[in-house]
1. Quick one: in the stretch 182-196, of everything that is open to solvent by 30 Å² or more (accessible area, probe 1.4 Å) and assigned to a loop (DSSP other than H, G, I, E, B), which residue is nearest to V238 (Cα to Cα)?
2. Please determine whether any residue of the stretch 331-343 is at pLDDT below 95 and charged (D, E, K, R).
3. Looking at V344, V272, which is the one that is closer than 23 Å to S199 by Cα, touching a His at 6+ places or on another chain (Cβ under 7 Å) and of a type in the set (A, V, I, L, M)?
4. Go through F234, F250 for me and flag whichever is open to solvent by less than 30 Å² (accessible area, probe 1.4 Å), within 25 Å of the chain's Cα centre (by Cα) and more than 22 Å from D312 (Cα to Cα).
5. Looking only at the stretch 198-211, count how many residues are buried (at least 22 other Cβ atoms within 10 Å of the Cβ) and assigned to a loop (DSSP other than H, G, I, E, B).
6. Scan the stretch 164-175 and give yes if some residue there is over 19 Å from A133 (Cβ atoms), open to solvent by 60 Å² or more (accessible area, probe 1.4 Å), of a type in the set (G, A, S) and modelled with pLDDT of 95 or more, otherwise no.
7. I'm checking my understanding of the structure. Among residues of the stretch 38-73 that are of a type in the set (D, E, K, R) and closer than 11 Å to W7 by Cβ, which one is least open to solvent (accessible area, probe 1.4 Å)?
8. Of everything in the stretch 86-144, what is within 22 Å of H313 (Cα to Cα), assigned to a helix (DSSP H, G or I) and among the β-branched types (V, I, T)? Give them in sequence order.
Amino acid sequence: MSKAHIWLRAESKPLEERIALTPDVAKQLLNAGFKVTVEESPLSAIPAKDYQQVGCEIAPTHSWHKAPSDTIILGLKELSEESWPLTHRHIHFAHVYKEQQGWQQVLRRFKTGAGELYDLEYLVDDKQRRVAAFGYWAGFAGAAVALKAFARRQQAATPVLNKLTSIPSKQALVDDVADSLSQLSQAPKVLVIGAKGRSGRGAVEMAQSVGAEVTQWDIAETQVGGPFEDILDFDLLVNCVFVQQALPPFITLPMLNTNGIHPRQLSIICDVSCDPYGAYNPLPIYSSCTTFDEPCLRIIKGNNPVDLIAIDHLPSLLPVESSEDFCQQLLPHLLQLDNLNQGVWQRANSVFNDKLSQV
């Protein structure tokens with residue numbers, strides 16, 4: 001009996017070069033008896049020919065909706081905004097379970113088409129820990145971009161950040177940021193909130209690797225509840241908190257606007273967690289994400305401005321390394337796709353059904 005058919009779809013999110021399945025992992029799935037189809041993609045950091053060489057079938061871009069109904073559609077980011085029903089089983093980051101903008105419309109598509117969603121964010125083990133995540137790379141890239149922005153601000157460069165493009169390697173990114181900071185008279189003071197998580201560890205490593213002065217906050221430092229005026233004493237804030245419930249805000253716009261009792265040093269904020277559309281955002285100081293094309297948003301103007309970076313696919317800055325790491329984490333669970341009624345897949349499906357009942 002043949003195993004499941006996995007279809008890697010091309011991403012539709014602009015500038016998303018990451019991949020949910022690398023050729024090496026695809027080959028291991030093929031060796032285990034799975035059928036693997038890969039769509040051609042103009043965005044992917046890995047070309048379709050690399051998959052063809054290991055034995056995958058190649059399909060035209062965005063043709064997955066024509067796949068047999070029992071095919072499992074694998075991707076990374078959310079589907080493009082459409083209204084037609086979804087009939088397949090889908091695996092990707094959907095960003096709909098925290099009541100983000102448009103969440104009901106997305107789930108209605110699944111409900112109407114009797115399709116199913118296995119959200120990658122909710123693939124957890126029996127202790128509710130995520131089994132695969134890009135968190136480390138999100139934090140690493142977020143801290144890098146924030147430090148680059150800070151260096152340019154100190155040099156009065158405009159714009160604060162130019163259009164971002166992918167970087168070939170982790171070391172190349174470190175070297176680029178270190179070169180930018182080398183022209184400053186003193187090291188920037190960086191606060192990383194959520195420092196003990198995956199994203200936080202990445203942010204801390206990046207900042208320390210280029211000589212920044214890093215302060216680490218986690219649950220112990222934030223459990224009393226914000227807002228926290230001490231944040232204003234740092235040059236940069238990198239928020240890496242993985243939020244699953246509403247929290248008191250860490251900072252507010254009135255705090256950033258203050259010229260009174262507590263003067264503000266803070267000038268750059270990078271919200272790696274980046275969830276401005278739901279009720280769980282601990283940085284309620286902005287209402288929409290920034291992009292690789294326009295990475296900075298000036299949220300406080302005047303002589304002492306504050307610039308915000310809130311890009312929801314930061315690991316795309318290092319698409320190959322981040323994809324290879326993520327796919328290796330995911331591989332043991334992809335090998336279990338023949339039985340979606342157990343383990344991480346069953347738990348993810350339970351969350352889906354619970355959310356679907358709310359639509």
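The values are calculated or read from the model by the stated rules, or taken from the named source; none is laboratory data. Just so it is clear, the structure is predicted and the values come from calculations on it, not from any experiment. Reconstructed Cβ throughout: ideal geometry from the backbone, glycine too, with neighbour counts over all protein chains shown. The protein model used for the area step is the full one, side chains on, heavy atoms only, and it has no ligands, DNA or RNA in it. Shrake-Rupley method; radii C 1.70, N 1.55, O 1.52, S 1.80 Å.
1. Restricting to residues being open to solvent by 30 Å² or more (accessible area, probe 1.4 Å) and assigned to a loop (DSSP other than H, G, I, E, B), the top hit is K196.
2. yes
3. V344
4. After ruling out the rest, the residue left standing is F234.
5. To start, the set of residues in the stretch 198-211 that are buried (at least 22 other Cβ atoms within 10 Å of the Cβ) comprises 199-200, 202-204, 206-207, 210.
Add one more test, that the residue is assigned to a loop (DSSP other than H, G, I, E, B), and what stays is 210.
Qualifying residue count, the stretch 198-211: 1.
6. No, the conditions are met nowhere in the stretch 164-175.
7. We begin by selecting, within the stretch 38-73, every residue of a type in the set (D, E, K, R); these are 39-40, 49-50, 57, 66, 70.
Checking the rest, the ones that are also closer than 11 Å to W7 by Cβ come to 39, 57, 66, 70.
On the way: E39: 8, E57: 94, K66: 163, D70: 99 Å².
It comes out as E39.
8. Selection gives V106 alone.
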